[in-house]
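Student: Just passing along the structure, written as structure tokens.
The values are calculated or read from the model by the stated rules, or taken from the named source; none is laboratory data. The structure presented is a predicted model; accordingly, all values stated were derived computationally and were not measured. Here Cβ is always computed from backbone atoms with ideal geometry, including for glycine, and neighbour counts include all displayed protein chains.
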Amino acid sequence: MQTLTKETMDRRSFLGGAVSGLTLAFFLPEFNRMGELDAATGGTAVNSWLQIGADESITLTIGSSEMGQGSFSGLAQVLAEDLMVDYARVTTVQGGPTLVSPAPVGTSINTVGSGVIRGNFWKMRDAAAAAREMLVQAAMTSAGDTARTNFTVANGIITHTPDGKTWTYGSVALAASALPLPTVVPLVPDAQFRLIGKTMPRFDIPHKVDGSAIYGLDIRVPNMVYAVIKHCPSFGGTLAKTPVAPAGYQVVPTKVMAGTNRGLEAVGNVNAVAVVGPNTWDTWQKAKQLSVSWTLPANAAQLNDAQFLADAKALAANATPYAVGAANGPGTLYTVEGNAATANAAIAGASKVVDATYTLPYVSHACMEVLNCTVDYVPGVKCEVWAPTQSAKSVMSLAVALTSLPSDKILVHTTYLGGGLGRKAEVDFVSQAIQVAMVVGKPVKLMWPREEDFSRDQYRPMALVHAKAGLTASGQVLGWSYRNISPSILGQRGAVLGPTGDSQGSEGSQALPYNFGTRLTEYVTHPSQIPVGFWRSVGASINTFAVESMVDELAVAAGQDGYTFRRGLLTDPRWIAVLDAAAKMGWNTPLAAGHYRGIAIGTAFNSIVAEVVEISSVTATGLKVNSVSIAMDCYLAVNPGQIDAQLTGGMVHGLNAALYGRQSFVNGAAQSKNFNKSRMIRPSEMPQVSVTLIPNPGASDRKKVIGGVGELGVPTFAPALANAYYAATKTRVRALPFFPNATMSD
Amino acid sequence: MTLTLNVNGQARTVTVSDGSMPLLWVLRDLLGLTGTKYGCGIEICGACTVLVDGQPEKSCDLDVSSAVGRKIVTIEGLSPNASHPAQKAWIANQVPQCGYCQSGMLMAVAGAMQAGHHGTSISNEVQNLCVCGTYGRIKNACSKL
């Protein structure tokens with residue numbers, strides 16, 4: 001049983017508009033950015049509320065963010081199941097740290113790691129069941145009958161079976177609020193599920209078809225002014241001299257704060273100016289025209305793709321091993337698993353050796369909604385922030401640091417996010433908006449033009465992977481050696497890496513259930529300090545490309561097809577079931593002339609996913625993706641229709657990156673600054689997609705690990721495509737993207 | 001300068017520093033019609049699509065002065081109560097994810113329908129970007145219109 005809190009009148013009155021009735025507060029742990037359960041659960045921290053109103057309202061206030069993944073509705077679906085009410089009766093409300101009084105800065109409200117449903121499933125069920133039992137207890141008191149077995153609940157109505165008397169939840173909500181929290185809360189048995197495992201419509205969609213959904217960029221505050229950001233074009237550059245503001249406008253330099261520093265962007269660096277004016281367009285024009293003098297970093301000339309690749313190649317050949325007590329600076333070699341001597345010996349003794357190097361570029365997030373934030377700051381009184389953020393917690397911490405206001409004078413409103421993709425877990429744009437608001441004395445909406453959004457991203461890290469494996473003459477794998485050289489995401493966030501390196505950098509490359517004989521998995525911190533960050537599926541999107549391309553190369557060396565070879569090499573029945581499900585959809589069906597297939601399997605966030613990609617029309621400048629078959633085992637499927645949407649959308653994200661995604665640098669300055677140089681597919685290019693979810697074995701086992709969904713479509717697309725491309729051309733694409741020079745016009 | 005626009009069937013007067021402000025920013029900042037979105041500013045993504053005299057136009061690069069005297073329809077004016085067939089189809093097919101591009105998608109679809117397209121020929125007319133990758137459901141939704 002989790003920590004539930006029955007709300008006191010004080011807390012309830014703080015909730016302001018809350019109706020009278022039963023309020024249960026609880027903590028939805030979600031997942032922090034390290035991919036682990038947040039430790040700061042305490043016993044008193046709360047970030048979510050369930051309210052049963054005397055007016056029959058049922059309101060779920062959630063701290064996490066809605067960025068398209070549908071998890072608000074998913075949580076409501078889980079709640080309604082164990083509360084035993086109609087799904088449509090639940091109203092979800094976006095909460096934030098400000099709903100807690102006093103706001104505990106340590107309270108986790110992050111939306112990352114495909115974690116909202118998998119991290120909160122049991123918490124939500126327990127809270128719903130506890131509320132339901134308290135309502136039943138109140139009805140029992142009213143009936144003067146202490147036998148629980150004489151009461152049934154259906155559709156939000158409590159019935160006393162001996163006499164047929166009924167109570168609505170609202171009619172007993174106030175009485176229930178005076179009762180103690182129950183110690184035993186029976187959950188709805190799997191066989192009686194009405195909602196869990198069913199495709200249900202999302203609550204947010206009606207607002208997203210009539211223009212009424214409010215995203216960060218749509219916030220309007222009375223007397224608001226508009227700020228447009230202009231950064232130094234090169235990372236690591238700083239403002240040389242504050243420019244003179246155009247008449248009628250203000251120019252506010254902004255600096256890097258602790259918590260927003262990444263790589264070359266050091267704390268205190270004044271790396272941008274904001275131009276402040278009466279509306280977006282006029283202000284943006286002034287920002288474009290403003291001549292700003294920047295001091296570039298001393299090593300600017302080395303901040304380019306060729307140098308990054310040269311550094312990676314050098315580290316592929318020779319890197320200094322991690323040592324306890326040593327500095328372990330950039331270029332350190334970490335052993336993730338296995339032993340170099342044994343793996344190398346096994347490979348050396350093999351009759352066939354495959355040796356391959358894969359490279360991946362930096363990739364931008366390119367959320368449809370550019371970064372933006374609105375702040376209303378009144379000195380000594382309040383700092384009110386509206387942000388499309390994946391991390392209201394970080395927004396709160398930053399606002400405290402910048403304003404020195406107590407946390408109860410800071411209000412954070414999480415808006416809808418026009419895409420998050422990991423980028424909006426960062427708060428650099430929030431920091432700038434608060435800094436500008438503190439100078440101008442009016443509410444400010446700060447926007448990053450699209451060109452700034454691309455140029456000042458925290459990119460998916462570039463990577464070079466050197467893989468080597470040895471096989472017997474009959475195709476049995478004897479040894480596997482894998483070294484990923486990539487800038488460290490966690491290192492840029494101040495983490496001190498232990499002997500196994502950066503967990504984000506190695507995810508997707510370790511503990512793979514392949515019978516590789518003996519294996520070695522290594523991770524090397526690449527020295528590039530271009531800011532990197534969490535990009536949908538993070539390390540899995542890098543490693544799954546390299547691992548599954550390499551496995552395909554081994555299949556070719558063994559003279560087997562990609563499915564058969566993997567089938568023989570896999571040791572985990574769940575992986576085998578996923579591979580078989582993908583093959584059943586897309587591998588074994590007849591193939592049209594000129595069409596080719598590739599297959600890949602991988603894991604992320606405790607789910608297992610496989611994709612089969614079918615292509616045709618391969619030329620030097622393009623190819624056609626005809627169909628993609630996706631199979632996944634996430635253990636528990638709450639809303640299959642939404643899982644289908646997320647897997648399909650994730651696959652498209654992987655497709656865009658595999659075919660076209662690349663951010664290049666010259667003198668530390670990004671070269672792809674808008675969609676014209678960051679091609680993506682358009683509707684007419686959408687492949688046919690089929691999705692199979694491995695059947696849900698039942699939701700009643702708390703010991704089973706529920707897997708994530710939102711990022712799972714991404715990682716296996718690129719290798720499946722590369723494998724299909726090899727089938728078509730007998731040419732192995734080892735460097736992403738496939739078509740780096742693709743462009744797009746209107 | 002002060003201009004009068006016909007937006008969603010109403011005469012709306014705006015004051016701009018000059019007539020080159022794109023219609024997008026007039027709608028969003030001056031008229032508070034934030035359903036029309038900024039995506040790229042270079043007429044590639046289509047998030048800013050509105051109808052101008054019945055034709056889908058990317059409002060991010062359309063001078064407001066050139067919209068004077070023409071009938072402008074935004075997502076807010078597409079229908080009362082989200083009753084346009086495309087909006088209904090979008091709900092029925094659960095199309096949006098993050099939803100940011102969908103105003104532009106729907107206006108492009110509405111324009112194609114107004115031009116006489118039906119079913120799959122509607123989605124062939126719509127070439128807006130969706131980073132969430134909702135294209136499959138967009139095509140399904142259009143196929144029944």
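Student: I'm trying to understand the selection: among the residues of the stretch A:256-284, which are part of a helix (DSSP H, G or I), of a type outside the set (Asp, Glu) and touching a Ser or Thr at 6+ places or on another chain (Cβ under 9 Å)? Break it down stepwise before answering.
Tutor: Taking the stretch A:256-284 first, the residues part of a helix (DSSP H, G or I) are A:280-284.
Among the residues that remain, those that are also of a type outside the set (Asp, Glu) are: A:280-281, A:283-284.
Once the filter is applied, which keeps residues that are part of a helix (DSSP H, G or I), of a type outside the set (Asp, Glu) and touching a Ser or Thr at 6+ places or on another chain (Cβ under 9 Å), the stretch A:256-284 yields only A:281.
Student: Checking the conditions here, which among A:641, A:649, A:661 is within 14 Å of chain B (Cβ to nearest Cβ), within 25 Å of residue A:75 (Cα to Cα) and out of contact with any Gly (no Cβ under 7 Å at 6 or more places or on another chain)? Before the answer, list the steps.
Tutor: Working: A:649 fails: out of contact with any Gly (no Cβ under 7 Å at 6 or more places or on another chain); A:661 fails: within 25 Å of residue A:75 (Cα to Cα).
Of A:641, A:649, A:661, the one residue that is within 14 Å of chain B (Cβ to nearest Cβ), within 25 Å of residue A:75 (Cα to Cα) and out of contact with any Gly (no Cβ under 7 Å at 6 or more places or on another chain) is A:641.
Student: Still on this structure, please answer the following. All but one of (1) within 14 Å of chain B (Cβ to nearest Cβ); (2) over 30 Å from residue A:635 (Cα atoms); (3) surrounded by fewer than 20 Cβ atoms within 10 Å (Cβ to Cβ); (4) hydroxyl-bearing (Ser, Thr, Tyr) hold for residue A:199, so report the exception by its number.
Tutor: (2)
Student: Residue check, residue B:39 against (1) in contact with a Phe, Trp or Tyr (Cβ under 9 Å, 6 or more places away or on another chain); (2) more than 7 Å from chain A (Cβ to nearest Cβ), all met but one. Which one?
Tutor: Here residue B:39 clears every test but (2).
Student: May I ask you to list the residues in the stretch A:209-220 that are in contact with a Lys or Arg (Cβ under 9 Å, 6 or more places away or on another chain) and either of a type in the set (Lys, Arg) or over 16 Å from residue A:417 (Cα atoms) (or both)?
Tutor: A:220
Student: I'd like the residue in the stretch B:114-145 that is more than 12 Å from chain A (Cβ to nearest Cβ) and touching a residue at least 40 places away in the same chain (Cβ under 8 Å) and, out of all such residues, is surrounded by the most Cβ atoms within 10 Å (Cβ to Cβ).
Tutor: B:145
Student: Do you know which residues across the stretch A:487-517 are under 16 Å from residue A:550 (Cβ atoms) and touching a helix residue (DSSP H, G or I) at 6+ places or on another chain (Cβ under 6 Å)?
Tutor: Once the filter is applied, which keeps residues that are under 16 Å from residue A:550 (Cβ atoms) and touching a helix residue (DSSP H, G or I) at 6+ places or on another chain (Cβ under 6 Å), the stretch A:487-517 yields A:508, A:509, A:513, A:514, A:515, A:517.
Student: Going by the conditions given, is residue B:99 closer than 24 Å to residue A:67 by Cα, surrounded by 24 or more Cβ atoms within 10 Å (Cβ to Cβ) and not basic (Lys, Arg)?
Tutor: Working: closer than 24 Å to residue A:67 by Cα: yes; surrounded by 24 or more Cβ atoms within 10 Å (Cβ to Cβ): yes; not basic (Lys, Arg): yes.
Here the answer is yes, as residue B:99 does meet what is asked.
Student: Can you list the helices (runs of 4 or more DSSP H) found entirely within the stretch B:40-145 that contain at least 3 residues being at pLDDT below 95?
Tutor: Values: elements: B:85-92, B:102-114, B:120-125, B:135-143.
Where helices (runs of 4 or more DSSP H) fall fully within the stretch B:40-145 and carry at least 3 residues being at pLDDT below 95, they are B:120-125.
Student: Let me ask another. For the stretch A:141-178, give me the residue count where each residue is in a loop (DSSP other than H, G, I, E, B), buried (at least 17 other Cβ atoms within 10 Å of the Cβ) and touching a residue at least 40 places away in the same chain (Cβ under 8 Å). Break it down stepwise before answering.
Tutor: As a first pass, look at the stretch A:141-178 and keep what is in a loop (DSSP other than H, G, I, E, B): A:144-147, A:155-156, A:161-164, A:178.
Then keep just the ones that are buried (at least 17 other Cβ atoms within 10 Å of the Cβ); that gives A:145, A:156.
Imposing the further condition that a residue be touching a residue at least 40 places away in the same chain (Cβ under 8 Å) reduces the set to A:156.
Residues meeting the conditions: 1.
Student: Got at least one residue in the stretch A:238-252 being within 13 Å of chain B (Cβ to nearest Cβ) and in a strand (DSSP E or B)?
Tutor: To start, the set of residues in the stretch A:238-252 that are within 13 Å of chain B (Cβ to nearest Cβ) comprises A:246-249.
Among the residues that remain, those that are also in a strand (DSSP E or B) are: none.
Within the stretch A:238-252, none of the residues are within 13 Å of chain B (Cβ to nearest Cβ) and in a strand (DSSP E or B).
Student: Considering the stretch A:78-130 alone, what residues qualify as being in contact with a His (Cβ under 8 Å, 6 or more places away or on another chain) and modelled with pLDDT of 80 or more?
Tutor: A:94
Student: Just one of A:241, A:230 is among the basic types (Lys, Arg), surrounded by fewer than 19 Cβ atoms within 10 Å (Cβ to Cβ) and in the same structural domain as residue A:404 (by TED's automatic domain parsing); which is it? Before you say what the answer is, go through the steps one by one.
Tutor: Details: A:230 fails: surrounded by fewer than 19 Cβ atoms within 10 Å (Cβ to Cβ).
When all the criteria are applied, what remains is A:241.
Student: Quickly run through the stretch A:664-684 and pick out the residues that are facing chain B (nearest Cβ under 8 Å) and touching a residue at least 12 places away in the same chain (Cβ under 8 Å).
Tutor: The initial filter retains those residues of the stretch A:664-684 that are facing chain B (nearest Cβ under 8 Å), namely A:674-676, A:680-684.
Matches in the stretch A:664-684: A:674, A:675, A:676, A:680, A:681.
Student: Sticking with this structure for a sec: Name the residue, out of B:108, B:86, B:82, that is closer than 22 Å to residue A:682 by Cβ, facing chain A (nearest Cβ under 10 Å), touching an Asp or Glu at 6+ places or on another chain (Cβ under 9 Å) and not acidic (Asp, Glu).
Tutor: Working: B:86 fails: touching an Asp or Glu at 6+ places or on another chain (Cβ under 9 Å); B:82 fails: closer than 22 Å to residue A:682 by Cβ.
Only one candidate passes the filter, namely B:108.
Student: Out of A:184, A:188, A:209, report the one residue that is of a type in the set (Val, Ile, Thr) and either within 14 Å of chain B (Cβ to nearest Cβ) or more than 20 Å from residue A:125 (Cβ to Cβ) (or both). Reasoning before the result, please.
Tutor: Values: A:184 fails: either within 14 Å of chain B (Cβ to nearest Cβ) or more than 20 Å from residue A:125 (Cβ to Cβ) (or both); A:188 fails: either within 14 Å of chain B (Cβ to nearest Cβ) or more than 20 Å from residue A:125 (Cβ to Cβ) (or both).
Of A:184, A:188, A:209, the one residue that is of a type in the set (Val, Ile, Thr) and either within 14 Å of chain B (Cβ to nearest Cβ) or more than 20 Å from residue A:125 (Cβ to Cβ) (or both) is A:209.
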